[in-house]
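What follows is a single structure, written as structure tokens, with notes after it.
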Amino acid sequence: MDEWINYDQFDRQTWHSFFPSEITFLTQENLDEIKSLNDQISLRDVQDIYLPLIKLIQLQYQNYQQMQLQKMTFLRKSSRRIPYIIGIAGSVAVGKSTTARLLQILLKRLMPDRRIEMITTDGFLYPNAELKRRGIMARKGFPESYDMDRLLTFMNDVNAGEDQVTAPTYSHSVYDVMEDHPQTIYKPDILIVEGINVLQLPTTQRLFVSDFFDFSIYVDADASLVEKWYLERFGMLLDTAFQDPTNYYYPYAQGDRAEAFKMAKQVWKDVDLPNLNDYILPTRTRADVILHKTEHHYIDRVYLREDCFT
């Protein structure tokens, strides 16, 4: 069966025509500040791709608010803040973080009366010490390396309208969870949840992270391109780690560069590519919107689930 049968497909020009604004609300300097190390994004991308996407999210959010109001009225309950939750999934190095941060800043600019928060599920990985204790350090990033109970508890608390909820954070330079630097979320109107695992369906859970989502996005690219971006990012991480002994990549930056890249290619082959093929890519068609990238992180196609407005 054609996996795209439930999606409408649009080229870049057609997608832009749905909200043909020439205002970006941002500068290129803003974009350079929020983009990931080796990602590429331009003001033209904002106009062609992200502003129509934001418009779609705003329409969905308005429908969501009306539905919640009608539900509370029917049940004769006092209204309460129930956050609208957006999930963003995709492979490592594909640009999920850039997309999440860009959506957050655009939503803040266009909806200044709303609290827009964002978290990454990297913080819900088990700490390296626990991964080693369980003998799954080489499986870091696979479903079993995440503390799903903790993540689900976090999502449930946010959805229940708790005044503030804390989430663990993750440092890519340290390559570990930063338990002593938690992120506090204060009653968001919209929460963006970004991570490779957010659309997965773990077989050991009766409740999934995606059950909390009101809208979801998958950032897509061919595996060969993702590998290229992964290795480019690795090289940039080596460059930034060169004079920082506390950086996880410092030993690789100090050693033979060819050997370091040989190691990175092996990690991609043994860890990241199998994780992509077995656990991440199969979740693609669970997303409401798929942003397909080609060379230079250029988004050439947008897929929209046909039942997105039902």
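The range 248-310 to the range 173-241: how many Å between their Cα centroids? Going from one Cα centre to the other spans 11 Å.
Around the amide H of residue 118, modelled in the peptide plane, lie the amide H atoms of 192, all under 5 Å away and 5 or more residues distant in sequence or on another chain. The largest-to-smallest principal axis extents of the Cα set in the chain are 64, 43, 43 Å.
Run the paramagnetic zone check for residue 259: 7 angstrom along Cα to Cβ, then residues of the range 116-145 with backbone nitrogen under 13 Å. Backbone N within reach: none found. When the surface is traced with a 1.4 Å probe over the full set of protein chains, residue 201 keeps roughly 90 Å² accessible. In straight-distance terms, cross-link reach from residue 269 covers every one of the lysines whose alpha-carbon lies under 20 Å from its own, apart from those fewer than eight places away in the same chain; here that gives 140, 228. Across the chain, the mean sequence separation of Cα contacts (distance under 8 Å, 6 or more residues apart), normalised by length, yields a relative contact order of 26 percent. Cross-linked pairs 108/187; 187/293; 77/108: Cα-Cα separations exceed 25 Å for 187/293; 77/108.
Of the residues 143, 158, 84, the one whose Cα sits farthest towards the positive end of the charge dipole of the range 80-162 is 84 (charges of +1 on Lys and Arg Cβ, -1 on Asp and Glu Cβ, taken about the Cα centre).
Can you tell me the accessible area per residue over the range 1-139, all protein chains present, probe 1.4 angstrom, in square angstrom?
Value for the range 1-139: 52 Å² per residue.
Protection proxy ranking, highest mean first, for peptides 119-129, 74-84, 262-272: 119-129, 262-272, 74-84, where packing is the per-residue count of other beta-carbon atoms within 10 Å, averaged.
In this simple spin-label model, placing a label point 7 Å from the Cα along the Cα-to-Cβ direction at both residue 12 and residue 178 gives a separation of 3.4 nm. Phi-derived couplings, Karplus 6.51 cos²θ - 1.76 cosθ + 1.60 at θ = phi - 60°, listed residue by residue for the range 103-109: 4, 4, 5, 5, 5, 5, 5 Hz, with x used for Gly and Pro.
The values are calculated or read from the model by the stated rules, or taken from the named source; none is laboratory data. Keep in mind that what you see is a predicted model, and the values were worked out from it rather than measured. Every residue, glycine among them, receives a Cβ derived from its backbone with ideal geometry; neighbour counts consider all protein chains shown. SASA here: full protein model, heavy atoms, side chains in, ligands and nucleic acids out. Shrake-Rupley method; radii C 1.70, N 1.55, O 1.52, S 1.80 Å.
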